[in-house]
Each structure stands twice: as structure tokens, then as C-alpha cells.
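I have placed the structure first, in the form of C-alpha cells, so that the comments after it can refer back to it.
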Amino acid sequence: MARVPYLRREDADESRKPLYDRLEAERKVPTANIFLALANAPDQLDAFLTYANALRAAGLSPELRELAILTVGHVTRSAYEVAHHQSHGLKAGLSEEQLAAVADFESADVFDETQKAVMRLARESTLQVDVSEETWRAAADRLTEIQMVELALSIAWYNSGVRLMGMLDIDLESGYPNPFAHS
């Protein structure tokens, strides 16, 4: 049970209706629980959406971004993050086989070296904050500087997201299976 109420459109006063219009235009309908919880701080939610949209519009390939996000989700065992981003991964071009292998990407033969380098960077940054020069170089040798900054921003952003989800105890919506239910 979430630690703050999920504020739905019908719960909001008239001045907040444009925020719900934005959520419905830019995100999945029905509105995800994370956004309904963040609606308790509407100005911050509005800025949160703007920043998230900027990351999605970046030049880093959606496939690599989703692999980084899914790696963050698996490393932190954030069922909410993984469940929501599996569909994003499919839209970005990842296969079902790749989605199933994210947790054990090092031994999986479904990822190329660029993908594994990105996932190593996401894992190391998530677990240790600082990353080794070797881990950085492995990704930086394959991506441009701007892509590396976009990747760093995405990894950091989704690390903050999983922490918000955990701290606020966001419930996974019924339409999403818990990816860790059997592990």
C-alpha cells in the first residue's frame, strides 16, 4: 500500500486538471500509480514529466536507454520499474529473449558488446555510484560524448525513480505481472 494517496483526476481541484490532461496526453491511460502518487506534489510532478520527456527525446538509442533502465530495475529488484519498462523495451526493439536475459546479461549471448558495456555501466553506477575507468571506457569507446552524458543522465534518473518507488511503496498495477514473483 502506497505511503501517500494516489490522487486521481476526480480528487484534484480544478486548478490541477491541466496536469492530468498532460499525464493522459503524454503517458499511458489509465495513469500509472507513480504519477498518481507524485500528484501530491503537482509542481514537482510537472517538472518530473518535463525532465523524463527530455531524456526520452535524447540522441541515445531507445534500445540502449531501455537496457540501462531495465538493468537499474533488475539490480535494485524494482518490480515496478522492470514491469513498466519491459513494454518500453519491446517498443525500442528489444526481443522477448533479451528482456528475459537482462538479469544475467553477462552470460547471455543475446547482447552485443555495446549493449553489455551499457548494462555494465548501469549496474556498476547503481551498485557503487562511482564507476571504474575500465567500465566507463568500454561504453565510451562505442558511444559519442553526448550519448555518454545522456546515458549517465538516464541511469541517474532511473536510479532516483526506483528509490522514489521504493520509498513511497508504489503498488504495481494489476495489469503488470511482478517480474520477481518466482525468484
Problem - Vicinal HN-Hα couplings computed from phi for region 77-83 (Karplus, 6.51 cos²θ - 1.76 cosθ + 1.60; Hz; Gly/Pro x) - result: 6, 8, 4, 4, 4, 5, 4
Fill in the blank from the handout: Ordering VAL129, VAL82 by the accessible surface of their heavy atoms, 1.4 Å probe, largest first, yields VAL129, VAL82
Fill in the blank from the handout: Relative contact order in percent for region 1-139 (Cα pairs under 8 Å, 6+ apart) equals 18 percent
Practice task
About the Cα centre of region 103-171, how large is the charge dipole given +1 on each Lys and Arg Cβ and -1 on each Asp and Glu Cβ? Please answer in debye to the nearest 20.
Solution key: 140 debye
Exercise for the section: Show MET167, MET148 ordered by accessible area, largest first, where the area counts protein heavy atoms only and the probe is 1.4 Å. Expected result: MET167, MET148
Fill in the blank from the handout: Diffing region 7-16: the Karplus 3J(HN,Hα) column from phi (6.51, -1.76, 1.60, θ = phi - 60°), in whole Hz with x for Gly and Pro, holds 8, 8, 3, 5, 8, 8, 6, 4, 5, 9
Handout entry: In Å², nearest 10: area of ARG9 left accessible to a 1.4 Å probe
Key = 60 Å²
Handout entry: Computed [θ] at 222 nm, deg cm²/dmol, the chain (DSSP H ≥ 4; -39,500 (n - 2.57); rounded to nearest 500)
Key = -19000 deg cm²/dmol
Fill in the blank from the handout: Unit-weight point scatterers at every alpha-carbon of region 83-169, Debye formula, q = 0.16, 0.19 1/Å: log10 I(q)/I(0) is -0.71, -1.00
Fill in the blank from the handout: Expected vector for region 27-38, Karplus 3J(HN,Hα) from phi with 6.51, -1.76, 1.60 and θ = phi - 60°, integer Hz, x for Gly and Pro, equals 10, 5, 10, x, 5, 5, 4, 4, 6, 5, 5, 5
Practice task
Send over a whole-number figure in Å² for the accessible area per residue of region 62-115, probe 1.4 Å.
Solution key: 40 Å²
Exercise for the section: Tally up the carbon and sulfur contribution to the accessible surface of region 38-117 as a whole percent, 1.4 Å probe, everything protein left in place. Expected result: 51 percent
Practice task
Could you pull out every residue, at least 5 positions away or on a different chain, whose amide H is within less than 5 Å of the one on ASP171? Hs are placed 1.01 Å off N in the peptide plane, and Pro or chain starts have none.
Solution key: ALA2
Problem - Within the chain: Cβ-based charge dipole about Cα centre, in debye rounded to nearest 20 (Lys, Arg +1; Asp, Glu -1) - result: 340 debye
Fill in the blank from the handout: Measure of exposure for SER160: accessible area at 1.4 Å probe, Å² rounded to 10, is 50 Å²
Handout entry: Dipole magnitude (debye, nearest 20) for region 133-183, charges at Cβ of Lys, Arg, Asp, Glu
Key = 40 debye
Problem - Most positive-pole-ward Cα, VAL4, MET148, LEU121, against dipole of the chain from beta carbon charges - result: VAL4
Exercise for the section: Express in Å², to the nearest 10, the accessible area of ASP112 obtained by rolling a 1.4 Å probe over the protein heavy atoms while all chains stay in place. Expected result: 80 Å²
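The values are calculated or read from the model by the stated rules, or taken from the named source; none is laboratory data. All values reported here derive from a predicted model rather than from experimental measurement. Counting neighbours? That spans all protein chains shown, and the Cβs are built from the backbone with ideal geometry, glycine included. Surface areas here come from the heavy atoms of the whole protein model, side chains and all, with no ligands, DNA or RNA. Shrake-Rupley method; radii C 1.70, N 1.55, O 1.52, S 1.80 Å.
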